[in-house]
């Protein structure tokens with residue numbers, strides 16, 4: 001799940017069409033995180049459900065399964081493996097291409113200066 005579940009400071013760049021965001025859900029923050037992530041993945045529109053969940057500060061009532069399905073657990077495990085392979089040990093972990101076209105990583109919620117760099121303003 002996301003480190004900061006509230007407002008998305010990247011929203012202006014996304015809304016302008018200059019930036020695309022991809023969220024990979026992982027169930028690593030709390031014991032209930034895998035079931036919460038599975039509920040989001042199992043919804044009719046996972047992207048919309050994720051946005052609503054974030055906007056609610058994590059208070060949106062989800063249809064949380066008693067057991068995470070094998071398919072959903074594989075998605076979460078694959079996402080966690082990718083996170084581990086990339087060396088991320090905290091959420092959010094942000095990956096972006098620099099102006100030199102090299103992969104960069106920012107872990108944790110970036111401050112405004114770093115966010116401007118990530119989004120290509122500086």
Which condition breaks for residue 21 when tested against (1) free of Cβ contacts under 8 Å to residues at least 24 places away in the same chain; (2) closer than 23 Å to residue 113 by Cβ; (3) in contact with a helix residue (DSSP H, G or I) (Cβ under 7 Å, 6 or more places away or on another chain); (4) surrounded by 12 or more Cβ atoms within 10 Å (Cβ to Cβ)? (4)
Qualifying residue in the range 31-53 (condition: surrounded by 14 or more Cβ atoms within 10 Å (Cβ to Cβ) and in a strand (DSSP E or B)): no
Just to be sure, is residue 60 part of a helix (DSSP H, G or I) and either at pLDDT 90 or above or touching a strand residue (DSSP E or B) at 6+ places or on another chain (Cβ under 8 Å) (or both)? no
Please determine whether any residue of the range 64-82 is under 17 Å from the mean Cα position of the chain (by Cα) and part of a loop (DSSP other than H, G, I, E, B). no
Close pairs from the range 75-90: first touching a residue at least 24 places away in the same chain (Cβ under 8 Å) and at negative phi, partner surrounded by 12 or more Cβ atoms within 10 Å (Cβ to Cβ) and not in a helix (DSSP H, G or I), Cβ under 6 Å, at least 6 apart: 76/27; 79/24; 79/26; 80/26; 83/26; 90/107; 90/108
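Can you pull out every residue in the range 98-122 that is assigned to a strand (DSSP E or B) and exposed (fewer than 11 other Cβ atoms within 10 Å of the Cβ)?
Passing the criteria: only 103.
The values are calculated or read from the model by the stated rules, or taken from the named source; none is laboratory data. The shown structure was predicted, so the numbers you read here are calculated from the model rather than taken from an experiment. When we count neighbours, we look across all protein chains shown, and the Cβ atoms used for this are built from the backbone with ideal geometry, even at glycine.
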